[in-house]
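Shown next, in structure tokens, is the structure this report addresses.
The values are calculated or read from the model by the stated rules, or taken from the named source; none is laboratory data. If you're wondering where the values come from, they're calculated on a predicted model, not measured in any experiment. We place every Cβ from the backbone using ideal geometry, glycine too, and count neighbours over all the protein chains shown. SASA here: full protein model, heavy atoms, side chains in, ligands and nucleic acids out. Shrake-Rupley method; radii C 1.70, N 1.55, O 1.52, S 1.80 Å.
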Amino acid sequence: MDSFHYDSDLIGGSLQVRESRIIADLMLTQAGVDQWQQVIFTENQLQKRSPATAKRVAQALRKRLERVEAPFWRAIRDGDDELATQATFCAMLERNLLLVEWIETVVADAITSHAGHLSLYQWNEFLDDRGHRDSRIIAWTESSRKKMGQVVFRILSEIGLLHDTRSLHLQKLLVRPEIRQLLEQSSRHRLLVCMEHMSR
């Protein structure tokens with residue numbers, strides 16, 4: 001039996017909601033290869049500096065959005081900023097078990113204990129703990145761990161759980177009823193509990 005490994009793309013960047021709206025539209029319209037090429041490369045709608053960066057971002061976001069269904073894509077494409085952000089966050093959680101477990105443990109504990117804020121060192125402590133489940137984490141470079149931590153804190157700031165990435169001050173997240181409904185209808189009970197942790 002293979003040992004357990006986390007499948008994570010946190011190193012690839014935060015939510016990127018504006019870009020995710022573009023990818024969601026391509027997926028909803030069942031765009032062909034030519035249309036993807038037109039939007040990503042010819043028109044450079046992702047507004048990236050090089051074709052290689054545009055390709056990498058498009059692939060990463062597509063892989064995230066492929067983890068959820070069309071109703072989530074519609075919320076991302078057509079929703080207001082708050083709804084689109086929370087729907088994108090759901091896709092991010094579905095893609096990253098590591099992020100789910102971070103929220104279930106460290107973030108939930110900080111909220112329950114009324115700590116008021118998170119600390120940078122907690123990410124390293126969390127990874128050390130997860131290293132007991134996935135030995136590959138132990139081999140991650142310090143720069144990779146730091147970059148992933150920066151992405152995680154930026155994500156929590158983007159969804160409104162953190163006031164900003166400097167103070168790491170926690171604030172209550174108001175989960176949209178549309179998001180609760182999407183998670184319930186798709187039987188994503190674990191992710192719904194995750195969202196509820198942050199709305200206490």
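For the range 126-137, state whether one or more residues are of a type in the set (Gly, Ala, Ser), surrounded by 12 or more Cβ atoms within 10 Å (Cβ to Cβ), touching a helix residue (DSSP H, G or I) at 6+ places or on another chain (Cβ under 9 Å) and free of Cβ contacts under 8 Å to residues at least 12 places away in the same chain. Yes; the residues of the range 126-137 include at least one that is of a type in the set (Gly, Ala, Ser), surrounded by 12 or more Cβ atoms within 10 Å (Cβ to Cβ), touching a helix residue (DSSP H, G or I) at 6+ places or on another chain (Cβ under 9 Å) and free of Cβ contacts under 8 Å to residues at least 12 places away in the same chain. Quick one: in the range 53-107, which of the residues that are among the basic types (Lys, Arg) and within 30 Å of Ser135 (Cβ to Cβ) is farthest from the chain's Cα centre (by Cα)? Of everything passing the filter in the range 53-107, Arg56 is farthest from the chain's Cα centre (by Cα).
Can we say Ala115 is open to solvent by 20 Å² or more (accessible area, probe 1.4 Å), modelled with pLDDT of 95 or more and over 15 Å from Glu158 (Cα atoms)? Against the criterion (open to solvent by 20 Å² or more (accessible area, probe 1.4 Å), modelled with pLDDT of 95 or more and over 15 Å from Glu158 (Cα atoms)), Ala115 does not qualify. From (1) aromatic (Phe, Trp, Tyr); (2) over 30 Å from Leu173 (Cβ atoms); (3) outside any helix (DSSP H, G or I), pick out the condition that doesn't hold for Tyr6. All conditions are met except number (2). Somewhere in the range 172-182, is a residue buried (at least 19 other Cβ atoms within 10 Å of the Cβ), modelled with pLDDT of 95 or more, touching a Pro at 6+ places or on another chain (Cβ under 7 Å) and aliphatic (A, V, I, L, M)? Among the residues of the range 172-182, at least one is buried (at least 19 other Cβ atoms within 10 Å of the Cβ), modelled with pLDDT of 95 or more, touching a Pro at 6+ places or on another chain (Cβ under 7 Å) and aliphatic (A, V, I, L, M), which makes the answer yes. Taken over the range 168-200, the criterion of being closer than 14 Å to Thr88 by Cβ and charged (D, E, K, R) is satisfied by Arg176, Glu178.
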